[in-house]
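The values are calculated or read from the model by the stated rules, or taken from the named source; none is laboratory data. A quick note: this is a predicted structure, and the numbers were derived from the prediction, not measured. Cβ placement follows ideal geometry from the backbone for every residue including glycine, while neighbour counts extend to all protein chains displayed. To get the accessible areas, we keep the full protein, side chains included, count just its heavy atoms, and leave off ligands, DNA and RNA. Shrake-Rupley method; radii C 1.70, N 1.55, O 1.52, S 1.80 Å.
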Amino acid sequence: MSNDLQTTVVLTSVILEPLKFINKTLKNFNVVKELKEKALERTGLKEEYVSEMIRERAHMRKERDLTKADEIRRILEAKGIALADAIGEDTTCWRPCVPTLQT
């Protein structure tokens, strides 16, 4: 009877596949976290400073002072911190990038 229901196949697909996905996601999260830590170390910045700059930029965007908001983005990019705004949300995240030259 257990062969007719293919219990092991069902359990494998129901339990094992989601666990594989969770493990892969956690590994990716750890990699991103490590890359961010290395970027902060390379730039000599603290995460609190980057967060404060993101908050300041969000305030400038809300006030429609896009020149200052863009300047904050350029300052961080020059140091190797790229900002990404979530579409349709008021959130911004950052990731490491190749530092740009300020002109």
At T91 and S51, where each label point lies 7 Å from the Cα along Cα→Cβ, what is the point-to-point distance in nanometres?
-> 1.5
Collect residues whose amide H, placed 1.01 Å from N in the peptide plane, falls under 5 Å from the amide H of C97; neighbours closer than 5 in sequence don't count.
-> I81, A82
Taking all protein chains as present, what is the carbon and sulfur share of the accessible area of the stretch 36-103, in % to the nearest whole number, probe 1.4 Å?
-> 51
For the stretch 54-103, which trypsin sites (Lys or Arg not before Pro) are in a loop by DSSP, counting at most 11 other Cβ atoms within 10 Å?
-> R64
